[in-house]
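To keep things clear, I will list the structure first and then write my remarks on it.
The values are calculated or read from the model by the stated rules, or taken from the named source; none is laboratory data. Just so it is clear, the model here is predicted, and its values are computed rather than measured. Positions of Cβ are generated from backbone atoms using ideal geometry, with glycine treated the same way; all protein chains shown enter the neighbour counts.
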Amino acid sequence: MSACGGDPSSTVDASWAIADAPAADAAPIIDAGPPDAPPVSAIKHVIVIVQENHTFDNYFGRWCTAAPGSNPTCTAGPSCCEAAPATDPSGATPVTLDDAANAGHDPDHSKTCETAEINGGAMDRYASGASCSSPQNVAIAPASVVGPYQALATSYALADRYFQPEIGSSSANDMYFTVAKHVFTDNEVKPDSNGAGCIAPTTPRKTYTGVTTIADLLIAHGDTFAFYAQGYDAMLAATFCPAAPSDCPLGLPTTPCDYDPSDVPFEYFAQFIDDPAHMKDLNDLATDLDGGTLPAVSFVKGVGYKNEHPGYGTKLTPGIAQVQGIIDHVASTAYGSDTLILVTWDEGGGFWDHVSPPAPIDQYPYGTRVPLLAIGHFARQGVVSHVQLEHSSVVRFLEWNFLGDVGQLGARDAIVHNIGSLLDPAKTGLAVPVD
């Protein structure tokens, strides 16, 4: 292991359950069938690609063409989702979010800042009116940059009511992919795992024990699971922090040039910390695709300068190209016919979006919209879903598809909508529920 791991200041904590939902560690691990039991639907493999810090309007505000505020009910493509207004509520005109703009500005996306900017749903303090406001927070990318994502939306399915699960930064929102509930605020802790010493040295480390995640449920059922993280092997091999790759604009041995374990939510849980059976390098994804060893459920995370995170010299186009490359690679293998690819963003990154977050379903209010794309053989073609979704909806779908019963974590996975509005029942064989 890299010398970046291990620290006497790290803590072990299993006491983070919130009062309004049962503790995740209380959820039973249910063996609902033998290891070779087929999925409920024809979807045998799911790959979830998680990019960073952009709102729906950032990427689709000029692809959608319905009038702002019209709340269309149709679902056939760009005319059935709302365009971003010409100005934000304060009168600010969106700047062009091209590679240079993304590279040069990382908006404050802390809970405190985003709460002020959202301003009770008015969405009017992104450009001005709050201590963290900036005109650069109101930004929309042109088709010349995000065209590949817009083309995927044209060919497959896009959700325009998919919200970051809670207001605040990446790590807090990533937790909803694991246990479908709040664990901590913003990025206030990092995992005590390989690479932790190469990021935010003053941030305390925590390991959660006795906690059941969606991966535990899948594994206990006999389904395979892996998290593919770019730069993971280089971090393992390094004596200290690995040298920055030659194409990383920042050029320093730290985020965004190297593997960041705080972007890998399963690394916070004792049973998965640097477990080679489930923690893999992104290069292993190509090997597993070509070798016929793709797990039933995979999560994919690009290194910082390839996951579109704003600031630090990070451009959008390399991350977009990497996602497209993964999609194309899957399609070129035998897995193309039985794999659903989901592409989403962990949170909005402090950028403006014109749609107010929905009412809270627990004590942790929703943040801004982020895109969700459903891609591949099973996705509806050219459909825009208006069903309210979030990261816990992905967990609910995985429970339904592989375990046959939803809500097993006893958290938001028991409450939120499923992703059936994005999927074609003629292809899935059995209709994936909306609820």
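A few comments on the model shown:
- Elements of type helices (runs of 4 or more DSSP H) contained in segment 132-238, each with 1 or more residues being within 18 Å of His391 (Cβ to Cβ): 170-174, 214-221
- Residue in segment 146-164 that is modelled with pLDDT of 95 or more, within 13 Å of Tyr364 (Cβ to Cβ) and within 15 Å of the chain's Cα centre (by Cα) present: yes
For (1) among the aromatic types (Phe, Trp, Tyr); (2) touching a residue at least 60 places away in the same chain (Cβ under 8 Å); (3) surrounded by 22 or more Cβ atoms within 10 Å (Cβ to Cβ), each residue gets a yes or a no:
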residue	(1), (2), (3)
Asp258	no, yes, yes
Lys301	no, yes, yes
Lys315	no, yes, no
Asp353	no, yes, yes
Pro358	no, yes, no
Ile361	no, no, no
Tyr366	yes, yes, no
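- Residues being closer than 20 Å to His309 by Cα and of a type in the set (Gly, Ala, Ser) - total across segment 244-282: 4
- Out of Ala237, Ala270, Ala244, sole residue that is surrounded by fewer than 24 Cβ atoms within 10 Å (Cβ to Cβ), aliphatic (A, V, I, L, M) and touching a strand residue (DSSP E or B) at 6+ places or on another chain (Cβ under 6 Å): Ala270
- Residues that are among the acidic types (Asp, Glu) and without any contact (Cβ under 8 Å) to a residue 24 or more places away in the chain within segment 318-351 comprise just one, Asp328.
- Which numbered condition Pro142 fails, given (1) surrounded by fewer than 16 Cβ atoms within 10 Å (Cβ to Cβ); (2) under 28 Å from Phe227 (Cα atoms): (2)
- Cβ pairs under 6 Å, 6+ apart, first in segment 48-66 and touching a residue at least 40 places away in the same chain (Cβ under 8 Å), second assigned to a helix (DSSP H, G or I): Ile49/Val323; Tyr59/Val146; Tyr59/Tyr149; Trp63/Pro78; Trp63/Gln150; Cys64/Pro78
- When the helices (runs of 4 or more DSSP H) confined to segment 54-127 are screened for residues that are of a type in the set (S, T, N, Q) and more than 27 Å from Leu152 (Cβ to Cβ), those reaching at least 2 such residues are found at 111-118.
- Ala127, sole failed condition from (1) over 12 Å from His354 (Cα atoms); (2) among the aliphatic types (A, V, I, L, M); (3) out of contact with any helix residue (DSSP H, G or I) (no Cβ under 6 Å at 6 or more places or on another chain): (3)
- Scanning segment 62-90 for residues that are surrounded by 17 or more Cβ atoms within 10 Å (Cβ to Cβ) and aliphatic (A, V, I, L, M) gives Ala66, Ala83, Ala84.
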